[in-house]
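The values are calculated or read from the model by the stated rules, or taken from the named source; none is laboratory data. Everything numeric here is computed off the predicted structure, so don't read it as measured data. Using ideal geometry, Cβ is built from the backbone for each residue, glycine included, and neighbour counts are taken over all protein chains shown. Keep in mind that these areas ignore ligands, DNA and RNA; they rest on the heavy atoms of the full protein, side chains included. Shrake-Rupley method; radii C 1.70, N 1.55, O 1.52, S 1.80 Å.
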Amino acid sequence: MSTFNDIKYYASQSKITTTLVVINILCFFAFRLVDSRGFSPLYENHFLIDWGADVAELTFSGQYWRMFTNLFMHVSFTHLAMNMLALWSIGPILEQRIPCLAFVGIYFFSGLVGSLSSDIATINQNVISCGASGAILGIITALLAYCLVFKTNIQEMPVKAMLVSLVLTAGLGLLPSIDNMAHIGGACAGFVLGGAVSLCIKIFKYPSKLTLLIIGLVFIVTALGIYVQYMHYALPSGYYVYY
C-alpha cells in the first residue's frame, strides 16, 4: 500500500510527465485494439504508417502532421516501456524547476526538431521513424543545460536519473525502425531550448510576466525555424508517394 501511495504522490508532483506517460500508453494499446495489424509483424509497417509514423517522403509531400503524431507511435511494448521509463525517470525533475508551459514546449519542440532531422537525413530512403525518444532526450539535455546555467554542483545534479534515462533511450537505437537522427536532433534542440529557458528564469526572475513573454518568443522563433526548414525540403505540389 505504501508503494502505491508513493507512486500516487510522485504522480501528483509531476502532473505533466504523468499525463504524457498515460497518453503514450493509451495510444499504444488503443491503436492496436482498433487495428489488429499492430500485432502482426507482416503488416506492422503499414499499421505504423497509417496511424501516423514519420516517413520523410510522406511528411514532405504535405503530411507535416506526421512530425507530431509519430511522437505517440511506438514499434513494440519494449520500445514503449523503455521510453516511458526514461521519461518517468527524468521528466519530474525538470518539470518542478521550470514553468509548466516551458516544459511542454521543450518536450514537443524537441520531438518536432528530432522528427525534422530524421526526415532530412532519410529523405531519399524508405525509413519509418516513430517514438518519443527525441522529445525525451530533449528533456534530458534541457535538464543538463539548466544545471549548467545555475551552476549546480555535481553532488546536487540528478546524475543517476540522467544516466538511467540516457541508457534507456540510447538502447533504443539498437532496435529496428528506430532512427538515431531523431535522437540527435531532439537532444540538440532540448539543450538549446533548455539553456534559453534557464537563462530567462535566471536573468528575469520567474514568475515575472517578462520571463514568460521571452520564453514564449523563444518557442515562436523555434516554430518559425521548423517551418522554414520544412518548406525548404517540401516536395513539389501534386507529388504523390505510393506505399
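Computed values, structure above
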item	result
Extension reserve of the Asp35-Val22 stretch, reckoned as 0.36 nm per residue once the Cα distance is removed	2.7 nm
Table column - 3J(HN,Hα) (Hz), segment 62-78, Karplus curve with 6.51, -1.76, 1.60, x for Gly and Pro	x, 8, 4, 4, 4, 4, 9, 5, 5, 5, 10, 9, 10, 5, 8, 5, 4
Sequence of Ile139, Ile25 when ordered by accessible area, the most exposed leading, probe 1.4 angstrom	Ile25, Ile139
Segment 47-147, accessible area per residue, ligands and nucleic acids excluded (1.4 Å, Å²)	29
For segment 51-57, Karplus couplings with θ = phi - 60° (6.51, -1.76, 1.60), whole Hz, Gly/Pro x	9, x, 5, 8, 10, 3, 5
Ranking by accessible area, most exposed first, for Ile120, Ile203 with a 1.4 Å probe	Ile203, Ile120
Carbon and sulfur %, accessible surface of segment 175-236 computed with the full protein complex present, 1.4 Å	78
Förster-model FRET efficiency, 25 Å R0, Leu217 and Trp65, C-beta, rounded to 0.05	0.50
